[in-house]
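The values are calculated or read from the model by the stated rules, or taken from the named source; none is laboratory data. Being a predicted model, the structure only gives us computed values, none of them experimental. Don't worry about glycine lacking a Cβ; one is built from the backbone with ideal geometry, like all the others, and counts go over all protein chains shown. Areas reflect the complete protein model, heavy atoms only, side chains present, ligands, DNA and RNA absent. Shrake-Rupley method; radii C 1.70, N 1.55, O 1.52, S 1.80 Å.
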Amino acid sequence: MKKGRRNFLKIAGISALGLGAKPVLDVFASSEEDAVVEAPAEPRIMRGPNAMTAPQWAMVIDTRKIESHSDVEPMIEACHKIHNVPEMPDKKHEIKWIWETEFKHAFPNLAGEYMSKRVEHLGLPVLCNHCENPPCVRVCPTKATFRNSQGIVMMDYHRCIGCRFCMAACPYGSRSFNFFDPKPHIEEENKKFPTRMRGVVEKCNFCAERLAVGRKPACVEASNGIMAFGDLHDPRSEVREIIDSNYTIRRKQNLGTRPAVYYII
Amino acid sequence: MLELAIKGSKKYYGWLAVVLAVIGAGFVTYLWQYFTGLGITGLSRDVSWGFYVAQLTFLVGVAAAAVMVVLPYYLHDYKAFGRITILAEFLAIPSVLMCLLFVLVDLGQPMRMLNVIFYPTPNSVLFWDMIVLNGYLLLNLVIGWNVLEAERHGVHYPHWVKPLIYISIPWAVSIHTVTAFLYAGLPGRGFWLTAIMAPRFLSSAFAAGPSLLILLCLLIRRISNFDPGREQIQSLAKIVTYAIILNVFFFLCEVFTVFYSQIPEHMDHFKYLFVGYHGHGALIPWMWTAMGLMVFAIIMLVIPSVRRNEATLAIACIAIFIGTWIDKGLGLISAGFIPNPLHEVTEYIPTVPEIIITLGVYGIGALVLTVLYKMAISIKEGEASA
Ligand code: SF4
Ligand code: SF4
Ligand code: SF4
């Protein structure tokens, strides 16, 4: 009761400040000291006072800095741990928000028979590209997948009917489906982030819940400078500075999806 | 009118019992899937649609039998088909019903199904598919029921039914087109990304649907006192002949574009289906069987004497039905996912529970078809004896 009231006041306060976020997001992101956050019926992310906002978030991954598997592993660890991504026993039912793959799989249309040995054996991280023109959003029959005002392609796990149309539509295999109840397969549950139920789709959310409290995505923090994150529309942002001064590529650019994850090879 | 469906012979009840047993098995298995998750199927992260969605795709085609009878009768005043329009409309009802059930059993969260209506999303083809399928079901129910009821009382059906009949014709085309658009508009799936998809759906539908109707007509003649008529069956046979030839032609058009252009994203799926891709090729024997059956049926049907002989016609119809089923109900959906967008291969084979649930849905279709046909035939028999 007391806690509910406190939360209510906080929401009211934030709303009064004009910071109340309209879009329905997947978690109630409150200030750090709140130990447990019950997921309300339709969870929203309310932006905290330190929230970072941008009209289009973007990421740059500098694969030149990747030397081995152990450079990528921490990013995957960090993400999957805080987001309660389960470790499913059968590979067919695998859930992954970010994972490591070879160049020829990440960029099937660019890989050739002969290429630089470094690139050929490179293991690079792939995740949802938060496309500016996302086919997954276009096909979703319930708006459970939607693009928010910051250019993040979000999922509402409470609305998703599990039709998997979005999985057929995503040209990057970024989405996973909960074929079984994921909870028994979560090693150590992070109580600050909701777990999912069986029968819904999930994927990387660009750490919207962290941005709401002014923190960069977990994978970026864990990447040791391999990943950069920032506002694509701001010419002075870190990502724009890198993009403006390096040759970057995006996955399957020819499909017109306009991915917001850039790679330097 | 339903009372006509509960008066029947021992054989009729025996058949109903078999169908109910199949439905029961399917239902129990579905409960298992409902409470544990879609993990009991052969589906995977890479092949996220499979048998269920494929049956939906195939059955949308079977529902088309109706329009191939309704159109000549109402638009071209081809009187002979008046005798069997009701059979065609009543075949469409269970077909579409099964389509909807296959969508339902494929959902991860079926209880939230109504979210499609609560949050209508016109940019989603699935939203439109739901509208056209439900609409077609309703149209055929209303039309079939009223026409039959009128026939029973020897009067003309109410006038307001006529516009519905006209609407049902383009509507039938829409169910295929929209279902094809589910697949044909996805950027990363080279196998489906082709404008010929909707025409291929229509042609295979107009072959498979009327083929099944021919088989049903032959069966009805055997087990009841109502004869759907030789001329009717022969006219349907001509429709089937044209449709199956078109179907194979459209397929070859696609094969030409894909293999002459040599674009890997489009070729790889065909390779997987017909010759194997990087050592994977679970469907190779099936696909060649399907092609063989369709070509065999074409050869049979274009020979007039073979087509006119009802025994050989039946064989050709069975060949077409199985051939188009393999093509759409087995190959079309899973091959779109193999290889996946990252050019990795995860194969897909439906599991036993998945097949039992599928059979259960087909059982519901068979039950509804039996009941509807029983009513229609009882009335037709009554007319014949009166
Ligand atoms: S990468 Fe896939 S899931 Fe992510 S926004 Fe693009 S289409 Fe959607
Ligand atoms: S599975 Fe969920 S998120 Fe994906 S299209 Fe269906 S309703 Fe939308
Ligand atoms: S941005 Fe956040 S959710 Fe996405 S992969 Fe990185 S850590 Fe995971």
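Worth pointing out:
- Within the stretch A:140-150, tally of residues that are in a loop (DSSP other than H, G, I, E, B) and more than 7 Å from chain B (Cβ to nearest Cβ): 4
Yes/no matrix, rows are residues, columns are (1) more than 16 Å from ligand 3 (Cβ to nearest atom); (2) surrounded by 15 or more Cβ atoms within 10 Å (Cβ to Cβ):
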position	(1), (2)
A:Ala111	yes, yes
A:Ser116	yes, no
A:Leu122	yes, yes
A:Val137	yes, yes
A:Arg147	no, yes
A:Val153	no, yes
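- Yes/no for A:Val220 being aliphatic (A, V, I, L, M) and in contact with a Gly (Cβ under 6 Å, 6 or more places away or on another chain): no
- Pair list, Cβ < 6 Å and 6+ apart or interchain, from the stretch A:97-120 residues that are more than 16 Å from ligand 1 (Cβ to nearest atom) to residues that are among the small types (Gly, Ala, Ser) and open to solvent by less than 20 Å² (accessible area, probe 1.4 Å): A:Glu100/A:Gly123
- The residue list A:Arg159, A:Arg198, A:Arg210 contains one member that is in a helix (DSSP H, G or I) and open to solvent by 10 Å² or more (accessible area, probe 1.4 Å), which is A:Arg210.
- Hey, B:Ala311 under 19 Å from the mean Cα position of the chain (by Cα) and either of a type outside the set (Phe, Trp, Tyr) or open to solvent by less than 20 Å² (accessible area, probe 1.4 Å) (or both) or not: no
- Test: residue in the stretch A:217-230 that is within 16 Å of ligand 2 (Cβ to nearest atom), on the phi < 0 side of the Ramachandran plot and not in a loop (DSSP other than H, G, I, E, B): no
- The residues on offer are B:Val53, B:Val96, and the sole one that is at negative phi, modelled with pLDDT of 95 or more and away from chain A (no Cβ under 14 Å) is B:Val96.
Results for (1) of a type in the set (D, E, K, R); (2) surrounded by fewer than 22 Cβ atoms within 10 Å (Cβ to Cβ), shown as yes or no for each residue.
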| site | (1), (2) |
| --- | --- |
| B:Lys328 | yes, no |
| B:Ala335 | no, no |
| B:Leu342 | no, yes |
| B:Thr346 | no, yes |
| B:Thr351 | no, yes |
| B:Glu354 | yes, yes |
| B:Tyr362 | no, yes |
| B:Gly365 | no, no |
| B:Lys380 | yes, no |
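- Listed conditions (1) within 14 Å of chain B (Cβ to nearest Cβ); (2) within 16 Å of ligand 2 (Cβ to nearest atom) are all met by A:Leu124, apart from (2).
- Conditions (1) in contact with a Pro (Cβ under 7 Å, 6 or more places away or on another chain); (2) within 23 Å of B:Phe127 (Cα to Cα); (3) near ligand 1 (Cβ under 9 Å from one of its atoms): number failed by A:Cys163: (3)
- Contact annotation: residue pairs with Cβ atoms under 8 Å, 6 or more positions apart or on different chains, pairing a residue in the stretch B:114-128 that is within 12 Å of B:Gly185 (Cα to Cα) with a partner that is within 11 Å of ligand 2 (Cβ to nearest atom) and open to solvent by 60 Å² or more (accessible area, probe 1.4 Å), are B:Asn123/A:Arg138; B:Ser124/A:Arg138.
- Residue within the stretch A:76-97 that is touching a strand residue (DSSP E or B) at 6+ places or on another chain (Cβ under 7 Å), hydrophobic (A, V, I, L, M, F, W, C) and away from chain B (no Cβ under 14 Å) present: yes
- Taking each residue of the stretch B:334-345 that is at the interface with another protein chain (Cβ under 7 Å from one of its Cβ atoms) and looking for partners that are among the acidic types (Asp, Glu) and not in a helix (DSSP H, G or I) with beta-carbon atoms closer than 6 Å, six or more apart or interchain, yields B:Asn340/B:Asp46.
- Residue, nearest to ligand 2 (Cβ to nearest atom), within the stretch A:127-147, restricted to residues that are of a type in the set (A, V, I, L, M) and in contact with a Phe, Trp or Tyr (Cβ under 7 Å, 6 or more places away or on another chain): A:Val139
- Selected residue (criterion: nearest to A:Val200 (Cα to Cα)) from residues of the stretch A:121-131 that are in a loop (DSSP other than H, G, I, E, B) and near ligand 1 (Cβ under 9 Å from one of its atoms): A:Cys128
- Residue list for the stretch A:151-193, restricted to those being at the interface with chain B (Cβ under 7 Å from one of its Cβ atoms), of a type in the set (Phe, Trp, Tyr) and within 14 Å of ligand 2 (Cβ to nearest atom): A:Phe165, A:Phe177, A:Phe179
- Test: residue in the stretch A:207-218 that is within 15 Å of ligand 1 (Cβ to nearest atom) and in contact with a strand residue (DSSP E or B) (Cβ under 8 Å, 6 or more places away or on another chain): yes
- So A:Asn224, is it more than 10 Å from chain B (Cβ to nearest Cβ), within 10 Å of ligand 3 (Cβ to nearest atom) and out of contact with any helix residue (DSSP H, G or I) (no Cβ under 6 Å at 6 or more places or on another chain): no
- Looking across the stretch A:40-99 at every residue that is outside any loop (DSSP other than H, G, I, E, B) and among the β-branched types (Val, Ile, Thr), the one that is farthest from ligand 3 (Cβ to nearest atom) is identified as A:Thr63.
- Test: residue in the stretch A:184-198 that is more than 16 Å from ligand 3 (Cβ to nearest atom) and either in contact with a Phe, Trp or Tyr (Cβ under 8 Å, 6 or more places away or on another chain) or among the small types (Gly, Ala, Ser) (or both): yes
- Single residue of the stretch A:162-174 satisfying the filter (within 16 Å of ligand 3 (Cβ to nearest atom) and open to solvent by less than 10 Å² (accessible area, probe 1.4 Å)) that is nearest to A:His93 (Cα to Cα): A:Ser174
- For the stretch B:99-109, a residue qualifies if it is at the interface with another protein chain (Cβ under 9 Å from one of its Cβ atoms), open to solvent by 20 Å² or more (accessible area, probe 1.4 Å) and in contact (Cβ under 8 Å) with a residue 12 or more places away in the chain, and exactly one does: B:Val103.
- Yes/no for A:Asp234 being of a type in the set (D, E, K, R), away from ligand 3 (no atom under 13 Å from the Cβ), part of a helix (DSSP H, G or I) and farther than 25 Å from A:Ile95 by Cα: no
- Every listed requirement among (1) part of a helix (DSSP H, G or I); (2) more than 8 Å from chain A (Cβ to nearest Cβ); (3) of a type outside the set (Ser, Thr, Tyr); (4) closer than 24 Å to B:Gly185 by Cβ is met by B:Asn140 save one, (4).
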